[in-house]
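K.L.:
Okay, handing you the structure first.
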Amino acid sequence: MTLIQGILLGVFIVATIIGYFLINNVPSLLHTPLMSGMNALSGITILGALTATAIAFKSINPVLSAIVGGLAIVLAMINVVGGFVVTDRMLCMIVKKGGRKQ
Amino acid sequence: MTTPLFSSYIYYSLCSILSIGILFGIYLMSKVNKSVLGNRLSATCMLLGIILTLIYNQIFPVWVLYIAIAIGAILGAILGIRVKMIQMPQTVALLNGLGGGASAIVGGFALLGIGAITAPFSLTTSALALAVGTLTLFGSLVAAGKLHKILPQKSIIFKGQQALTIVSLVLIATTIVIAALGIIPTSLMWLILVTNILASASFGTLFSIRVGGADMPITISLLNSLSGVAGAIAGLAISDLLLVAVGGIVGASGLLLTQVMCKAINRKLFDILLGKTSCKMSQTKFASTKNSKSQNITASHSECAASKAEETDLQFENAKSNNAPTDLLTKNTNSKKIESSSKSESTSAKTESPSVKTESTMAMNENTLAITENIANKSESTSTKTEKEKTENPLDILKKAKSVIIVPGYGMAIAQAQHQVKRLADKLIENGTIVKYAIHPVAGRMPGHMNVLLCEANVEYEDLYEMKDINNEFATADVAIVVGANDVLNPAAREAVGTPIYGMPVLSVDCCKNIFIFNYDTKPGYAGVDNPLYTRKEGTYLYLGNASETLEKLIGAL
């Protein structure tokens, strides 16, 4: 394990701990949008898909890697865009109605 | 790789800033008023992250990427804009699965040495990412299929399922270990890759397919958390800081959200992971409890009414019984039996009363009567026939009611009846009635599903009460209006041992004097357990059919 991998592992652990305490006391009204928002964020794997596909495209079988990697990017991108749009729609609706009285 | 345009220090600093931005975004999203901003902040950070990655890795000239990005973005946008609110659960499940699939592909690339070095650390993490990603993909697809009714919604259990699950798990573990040891030449890595994918796919499918009933929202939340974990592990494999940080955050907060939900329905996450989600024993045990149930239920229903008659002291205990329902139930069963059967005749009065009920309701009332008679025949003290109580017209009950609690469920979502619910509530409020909404933590197919729908219909957020805050009020409320909910108020959850809903805290609707039920039919709910409330002898008014139509009629009559 190199230094960078050690750092990464550390980041993973810290991020996990922070994430765990981040959303304490969420009102149940926000459960759905929060879940769908985090769902969109889990599409962050798009970054990995981009890097890996680019490397594969340049080095090995371009057609195959373009297809497989392209698929990964498409999937991740649907996840990201669809997720954020859906979350935004839900939140706009909720906040408009729920926040009006406050 | 060629030298980056800017130093890795700058890159890592930027990554940290973006990670903090996303963290802050999630934090804002857990606050009602700031949530829209939070979501947009997260989205912006993600976009910047993509640009940063393209620049830092110097891959922006690779045109293939842009085609894929464009296709994905367009498909995602179309899906996001066109999907209806009611389809949200399956949409979240589907999107989640796609993210998992993408992580799996990244893991697969890394396993073949693309984008990662072939060292034990990368190999382990990439095999792990492949496994977690694949099982998330298949688990989510099955969940989405179930929610979209492509697949049967009941929990599916077949012989040898347990064995197959264990075999899959062992295979996954084996492939990861073999990959980690690096004893396999790169040319044979394909074998590991394929085995890993097949085993994970089978595990994911087996995991999801047995889920039924109230565990579905939790499963979705858990899969959601898993897709974050898959991303983080993929990030470890290809040494991508942002991926690790965000994946970790999503994975952990997803897990916390899952736990919040588990707590709400009194289940242990560990049990669900171990596969106690299913009604494994229901087929055998439920059959036996069913017989005894039909008698017990006669007693349990009148329990609340009876204890109320005995004045305030007992009301206290009644309130307590919501917390520990099983104890009190078993104690009271015998003592209340006689009282209950004496009331059993009153249903016949109800059928005779001039009513505005629909035809189907009338037909149903005859059914109810038939069933009630059955129960009455079974119980020993049928001879104590009292004079038929004159039951009030349901409309009058509603008009006179001082406090009404509305209990929405998934059926309201299907019938799109939230607007009618709101109008009914408005009508009642005009009459000076206090209207509250009781939201069970797992009402619907997704946590917070009901809140979203009711908000869509302009219901004030302040009127929505969580189960623990409102459960004691059912005993004092005049009317409970159930709209398309079943499992979450099924008193059988307290006594039907071995059924999927057993032990789940339910809304104490059965403690209410008058219950109006707007359900499509009297079939068991998602969990497949009969609801004894339908055959309750008094104070239950069934309005069967599409809830938005039946509600419309009632509003018209009011």
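The values are calculated or read from the model by the stated rules, or taken from the named source; none is laboratory data. All figures in this text were calculated on a predicted structure; none of them were measured in a lab. Ideal geometry is used to build each Cβ from the backbone, glycine not excepted, and the neighbour counts take in all protein chains shown.
K.L.:
Where residues in the range B:63-75 are buried (at least 22 other Cβ atoms within 10 Å of the Cβ) and more than 33 Å from the chain's Cα centre (by Cα), which of them is farthest from the other protein chains (Cβ to nearest Cβ)?
P.N.:
From the range B:63-75, those buried (at least 22 other Cβ atoms within 10 Å of the Cβ) are B:65, B:68-69, B:72; that's our starting set.
Next, only the ones that are more than 33 Å from the chain's Cα centre (by Cα) stay: B:65, B:68.
Values: B:Leu65: 6, B:Ala68: 4 Å.
Among residues in the range B:63-75 that are buried (at least 22 other Cβ atoms within 10 Å of the Cβ) and more than 33 Å from the chain's Cα centre (by Cα), the one farthest from the other protein chains (Cβ to nearest Cβ) is B:Leu65.
K.L.:
Which number in (1) modelled with pLDDT under 85; (2) within 19 Å of B:Ile50 (Cβ to Cβ); (3) more than 7 Å from every other protein chain (Cβ to nearest Cβ) marks the one condition that A:Ala40 misses?
P.N.:
(1)
K.L.:
Something else about it: Output the qualifying pairs, or none if there are none: Cβ atoms under 6 angstrom, residues six or more apart or on different chains, first residue in the range B:142-167 and within 20 Å of B:Met88 (Cα to Cα), second residue of a type in the set (D, E, K, R) and surrounded by 15 or more Cβ atoms within 10 Å (Cβ to Cβ).
P.N.:
What qualifies is B:Leu147/B:Arg445; B:Gln153/B:Lys146.
K.L.:
Right, another one. Look at B:Leu130 and say whether it is in contact (Cβ under 8 Å) with a residue 12 or more places away in the chain and outside any helix (DSSP H, G or I).
P.N.:
On the way: in contact (Cβ under 8 Å) with a residue 12 or more places away in the chain: yes; outside any helix (DSSP H, G or I): no.
In short, no.
K.L.:
Hey, can you tell me all the residues within the range B:242-270 that are modelled with pLDDT under 70 and assigned to a helix (DSSP H, G or I)?
P.N.:
B:Ala264, the sole residue that qualifies.
K.L.:
Working only within the range B:430-486, note down all residues that are within 14 Å of chain A (Cβ to nearest Cβ), crowded, with 19+ Cβ neighbours inside 10 Å and at positive phi.
P.N.:
Within the range B:430-486, B:Gly444, B:Gly448 meet the criteria.
K.L.:
What are the residues in the range B:76-98 that are at the interface with chain A (Cβ under 7 Å from one of its Cβ atoms) and more than 22 Å from B:Gly49 (Cα to Cα), if any?
P.N.:
Of everything in the range B:76-98, those that are at the interface with chain A (Cβ under 7 Å from one of its Cβ atoms) and more than 22 Å from B:Gly49 (Cα to Cα) turn out to be B:Leu79, B:Ile81, B:Val83, B:Met88, B:Thr91, B:Val92.
K.L.:
Would you mind finding the one in B:Leu48, B:Leu111, B:Leu98 that is closer than 24 Å to A:His31 by Cα, in contact (Cβ under 8 Å) with a residue 12 or more places away in the chain and not charged (D, E, K, R)?
P.N.:
Going through B:Leu48, B:Leu111, B:Leu98 in turn, the sole match is B:Leu98.
K.L.:
Something else: Among the residues in the range B:50-58, are any outside the structural domain of B:Ser239 (by TED's automatic domain parsing), β-branched (Val, Ile, Thr) and either over 17 Å from A:Leu41 (Cα atoms) or in a loop (DSSP other than H, G, I, E, B) (or both)? Working first, answer last.
P.N.:
Initially, the range B:50-58 is screened for residues outside the structural domain of B:Ser239 (by TED's automatic domain parsing), giving B:50-58.
Subsequent filtering for residues that are β-branched (Val, Ile, Thr) retains B:50-51, B:53, B:55.
Remaining after also requiring either over 17 Å from A:Leu41 (Cα atoms) or in a loop (DSSP other than H, G, I, E, B) (or both): B:55.
Taking every residue of the range B:50-58 in turn, at least one turns out to be outside the structural domain of B:Ser239 (by TED's automatic domain parsing), β-branched (Val, Ile, Thr) and either over 17 Å from A:Leu41 (Cα atoms) or in a loop (DSSP other than H, G, I, E, B) (or both).
K.L.:
Would you call A:Leu64 modelled with pLDDT under 85 and more than 7 Å from chain B (Cβ to nearest Cβ)? If you could, list the steps in order and put the result at the bottom.
P.N.:
Working: modelled with pLDDT under 85: yes; more than 7 Å from chain B (Cβ to nearest Cβ): yes.
Criteria met by A:Leu64.
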